[in-house]
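First the structure, in the form of structure tokens, and then the observations on it.
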Amino acid sequence: MGLKRTHCKRGHERTPENLTSSRKCKICSRLTTAIWKEENWEQVVADEKERRRKYPEKYKAISKKAGEKIRIKMTDGYIRSILTLLGFEQIPIEVIDLKRQHLMLKREIKNAKYETSMRNTVN
């Protein structure tokens, strides 16, 4: 009987979380992909441009959703930096919460305007 391998050839542990469905090491796969992309970045960029040209609606939805995720994660540090730029020095947490609400309302208004304009262009 063969011994059960506990690590991949690069030394990563072979746990269920670290194995693909074909029993390959996920860390090694990511490293290999990153190296290939770095060596072939012109092809990667060209392929991405081609996909975006072929499927514009799909990529519009993806980029909008990604932007939403980024904007929702408004950390205290981000809001503090905005308030610091506005001239505030000692910033109480209440002010940070108010600024977060302000930014979220601005985003909701912008999204509502965008949806309204999209409905108007379709009709």
Item to check | Restricting the stretch 1-26 to residues that are out of contact with any strand residue (DSSP E or B) (no Cβ under 9 Å at 6 or more places or on another chain) and among the aliphatic types (A, V, I, L, M), the residue that is farthest from residue 59 (Cα to Cα) | outcome: 1
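For residue 68, are the conditions met, namely being part of a helix (DSSP H, G or I), at pLDDT below 85, among the acidic types (Asp, Glu) and surrounded by 11 or more Cβ atoms within 10 Å (Cβ to Cβ)? Even if it seems obvious, please write down each step before you answer.
On the way: part of a helix (DSSP H, G or I): yes; at pLDDT below 85: yes; among the acidic types (Asp, Glu): yes; surrounded by 11 or more Cβ atoms within 10 Å (Cβ to Cβ): yes.
So residue 68 passes the test.
What number of residues within the stretch 89-123 are in contact with a helix residue (DSSP H, G or I) (Cβ under 7 Å, 6 or more places away or on another chain) and free of Cβ contacts under 8 Å to residues at least 12 places away in the same chain?
Residues of the stretch 89-123 that are in contact with a helix residue (DSSP H, G or I) (Cβ under 7 Å, 6 or more places away or on another chain), as a first pass: 91, 95-96, 99-100, 107.
Going one step further and asking which of them are free of Cβ contacts under 8 Å to residues at least 12 places away in the same chain, we end up with 91.
Qualifying residue count for the region: 1.
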Checklist outcome for this item: Taking the stretch 16-64 and keeping only residues that are out of contact with any His (no Cβ under 9 Å at 6 or more places or on another chain), outside any helix (DSSP H, G or I), surrounded by 11 or more Cβ atoms within 10 Å (Cβ to Cβ) and not aliphatic (A, V, I, L, M), one is left with 24, 40, 55
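The values are calculated or read from the model by the stated rules, or taken from the named source; none is laboratory data. Predicted model only: the values in this text are computed from it and were never measured. Methodologically, a virtual Cβ is constructed for each residue, glycine included, from the backbone with ideal geometry; neighbour enumeration extends over all protein chains shown.
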